[in-house]
Amino acid sequence: MKAAVLQLRSIVEARFEIPLGIRKSLERERIPSGIEAIDTLTAGGVPRGGLTEISGAASSGRTALVVALLGQATRAGECCVWVDTAGAFDPQSASEMGVDLDRLLWINCGGNAEHALKSVDLLIQSGGFGLVVMDLADTPEREARRIPLASWFRLRHAAERTGAALVAVARNINAASCSELQLELQPLGPVWRGKLLAGLNTEAESRRQHRSRKAEFRVVR
Amino acid sequence: MYACLHGPGNLDLLLECARKFSPHVEEHPPDTVIFDVRGLETLYGPPENLAREIDRAVGVPANLALAPNPDAAAHAARGFRGITIIAPRREAEALASLPLNLLGGSPATAELLHLWGIRTFGDFAKLPPLGVAARLGEEGIELQYLARGEGSRQLRPLEDPLEFEASLELDYPVDNLEPLAFVLGRLLGEVCDKLRFRTLATNEITLRLALEKAPEHVTNLKLPVPMLDQRAFLRMLQLDLNGRPPVAPILQVYLRAEPVKPRRTQQGLFVPSSPEPEKLELTVSRLRHLVGTDRVGSPELRNTHRPDSFVMRIFAPPQATSKLAVEDVPAIPRLCLRRYRPPRAVQVLLINQQPVRLISPAVNGRIVMAKGPWRTSGEWWKEDAWNHDEWDIALESGELYRMCRDVDSGRWFIEGNYD
């Protein structure tokens with residue numbers, strides 16, 4: 001069996017004139033979220049030069065997690081982009097989370113997912129941004145799934161080339177094998193205190209590690 | 001050699017004529033211009049030929065003098081009619097017969113020279129220099145040099161006004177933007193060359209298009225940083241014109257750039273990379289063209305308690321500090337609101353003044369928890385005052401919303417979703 005594999009390998013190598021082997025994935029620099037549970041789960045944060053998908057239902061803490069990433073990146077002096085498909089970004093919430101709004105470029109696509117895709121492509125190709133967020137959280141699932149895999153590959157390659165961390169937020173995983181890290185958030189329930197909504201408990205599951213791992217964290221009001 | 005034209009009442013025409021022969025022109029209002037004609041002998045030959053050419057070009061009655069220095073030329077043009085050519089080292093001889101009042105100087109000196117019986121340049125030139133210095137001082141020495149035609153000063157040429165503009169009148173009206181790109185490219189090239197020559201850049205470009213039977217079309221490009229990239233400017237103008245095309249065929253194109261000092265920055269080794277301003281501006285222009293001008297930028301919060309109050313500014317990130325100076329601060333994640341713009345109108349079922357059910361095409365369901373109301377109001381003196389009762393609600397599906405009731409109208413709205 002082993003001899004047959006070696007023979008087949010030599011035939012392929014001779015045919016295509018390339019050596020065959022397993023390419024080890026590079027250890028990428030990461031942007032931390034500052035949330036201990038998430039940074040432990042993701043071994044330091046979201047990877048630079050790669051695509052990360054954050055998925056989950058509404059009120060699962062997706063936006064809070066991405067805004068935390070933005071806060072860390074802008075505080076470190078990086079320029080970041082929020083490509084907002086539905087125009088739902090709230091600058092007030094972001095400012096309260098410590099996002100330096102001067103370093104944030106916000107593109108409001110007014111509900112047009114195609115414009116969002118083109119915007120991300122333009123921005124990531126132009127380079128110089130540390131974190132690019134593609135917010136598809138309010139985009140209907142059917143529309144998000146229409147983004148072809150080829151587009152995700154193109155974005156991933158652009159991110160690799162420019163070293164930007166590309167983060168896509170949606171209800172479900174859309175980029176499949178293109179994403180280097182997939183985080184699925186599951187709401188565990190809101191926390192009420194007296195007459196106040198005090199926060200939200202959330203479970204995050206990392207789906208692209210060798211084995212699926214989970215962590216819980218709380219988002220406060 | 002220097003040439004001088006002297007013609008009363010025709011200064012503008014004299015200037016125009018002088019500029020045809022030299023870029024270095026000195027003006028002496030109201031009637032004299034001096035200009036540098038050194039090197040023109042290779043074009044026109046001997047000074048006599050050059051003088052004839054200048055005389056032909058001036059077109060109005062004027063005295064013309066050519067002399068080895070500007071002052072001698074000026075005195076000769078003011079003192080002699082027609083064309084005068086003074087050869088090198090013959091200045092004193094040529095100017096000797098001129099009356100002394102052409103020499104200038106203070107009234108006291110002029111009166112003193114008159115009392116001494118000095119009437120011409122020649123008389124003054126013959127006086128012993130040491131005696132002149134002893135009696136008339138520094139001014140006397142200078143005036144005697146001028147009387148001998150030995151002036152050695154440099155020409156003080158007129159500075160061109162710092163206008164960085166170019167325009168072109170088209171041979172026929174252009175109603176297509178594609179051929180206009182060539183015209184714009186040429187004009188931008190001219191303006192950028194002028195800026196580059198003076199080591200300047202620009203942060204504002206104005207394009208004016210004169211249209212056929214329609215008001216002028218004006219485009220104003222404001223750049224967040226000084227730039228000097230002709231191709232980027234052309235692309236930005238094209239994007240702007242594509243988004244907002246002229247309403248009629250174009251007759252004339254005028255372009256103007258506001259000059260500013262160029263950007264000089266030195267990046268540190270540990271400073272995070274940021275987008276190149278030229279590339280960023282072009283990308284932002286493309287995005288504006290794609291999604292709309294007011295939908296791209298950096299949000300700036302307004303100093304008010306009014307909900308969702310911000311302005312979109314031009315994205316111009318400040319220079320980053322060293323990465324080493326930034327400490328990793330643990331973040332406490334906070335619930336963020338995903339806003340609906342405008343807020344969605346909903347119907348709410350109340351039992352004992354507590355919301356129990358939400359009814360709307362977009363958001364629908366049983367309310368399992370509702371906390372509120374929290375009154376928020378402000379700017380009652382304005383027409384767009386707000387007066388809301390806010391509720392935080394959880395639906396059966398687990399979704400969390402901020403809901404509000406307009407106190408004045410009693411209508412319910414969903415402001416956004418907590419995520």
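Values for this structure:
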{"quantity": "Test set (1) within 14 Å of chain B (Cβ to nearest Cβ); (2) part of a helix (DSSP H, G or I); (3) under 22 Å from A:S60 (Cβ atoms) - A:L123 fails condition number", "calculated": "(3)"}
{"quantity": "Flag for A:A37 being surrounded by 11 or more Cβ atoms within 10 Å (Cβ to Cβ), touching a strand residue (DSSP E or B) at 6+ places or on another chain (Cβ under 6 Å) and aliphatic (A, V, I, L, M)", "calculated": "yes"}
{"quantity": "Members of region B:165-189 that are touching a Leu at 6+ places or on another chain (Cβ under 8 Å) and assigned to a helix (DSSP H, G or I)", "calculated": "B:L177, B:L180, B:A181, B:V183, B:L184, B:G185, B:R186, B:L187, B:L188"}
{"quantity": "Considering residues of region A:64-93 that are of a type in the set (A, V, I, L, M) and at the interface with another protein chain (Cβ under 7 Å from one of its Cβ atoms) only, the residue farthest from A:V133 (Cα to Cα)", "calculated": "A:A76"}
{"quantity": "So B:P317, is it at pLDDT below 90, within 14 Å of another protein chain (Cβ to nearest Cβ) and within 30 Å of B:D240 (Cα to Cα)", "calculated": "yes"}
{"quantity": "Residues being among the charged types (D, E, K, R) and free of Cβ contacts under 8 Å to residues at least 24 places away in the same chain - total across region A:108-134", "calculated": "2"}
{"quantity": "Number of the condition not met by A:A137 [criteria: (1) away from chain B (no Cβ under 14 Å); (2) within 18 Å of B:N417 (Cβ to Cβ); (3) in contact (Cβ under 8 Å) with a residue 40 or more places away in the chain; (4) small (G, A, S)]", "calculated": "(1)"}
{"quantity": "Test result for A:E203, under 16 Å from the mean Cα position of the chain (by Cα), surrounded by fewer than 22 Cβ atoms within 10 Å (Cβ to Cβ), at pLDDT 90 or above and under 30 Å from B:W391 (Cβ atoms)", "calculated": "no"}
{"quantity": "Test: B:D193 is among the charged types (D, E, K, R) and over 15 Å from the mean Cα position of the chain (by Cα)", "calculated": "no"}
{"quantity": "Cβ-Cβ under 8 Å pairs, at least 6 apart or on other chains, region B:280-300 side more than 8 Å from chain A (Cβ to nearest Cβ), far side of a type in the set (D, E)", "calculated": "B:S285/B:D240; B:H289/B:D240"}
{"quantity": "Residue that is farthest from B:R338 (Cα to Cα), among those in region B:395-413 that are buried (at least 19 other Cβ atoms within 10 Å of the Cβ) and either within 12 Å of another protein chain (Cβ to nearest Cβ) or out of contact with any strand residue (DSSP E or B) (no Cβ under 7 Å at 6 or more places or on another chain) (or both)", "calculated": "B:L395"}
{"quantity": "Every residue from region B:27-37 that is surrounded by fewer than 20 Cβ atoms within 10 Å (Cβ to Cβ) and at pLDDT 90 or above", "calculated": "none"}
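The values are calculated or read from the model by the stated rules, or taken from the named source; none is laboratory data. Keep in mind that what you see is a predicted model, and the values were worked out from it rather than measured. Counting neighbours? That spans all protein chains shown, and the Cβs are built from the backbone with ideal geometry, glycine included.
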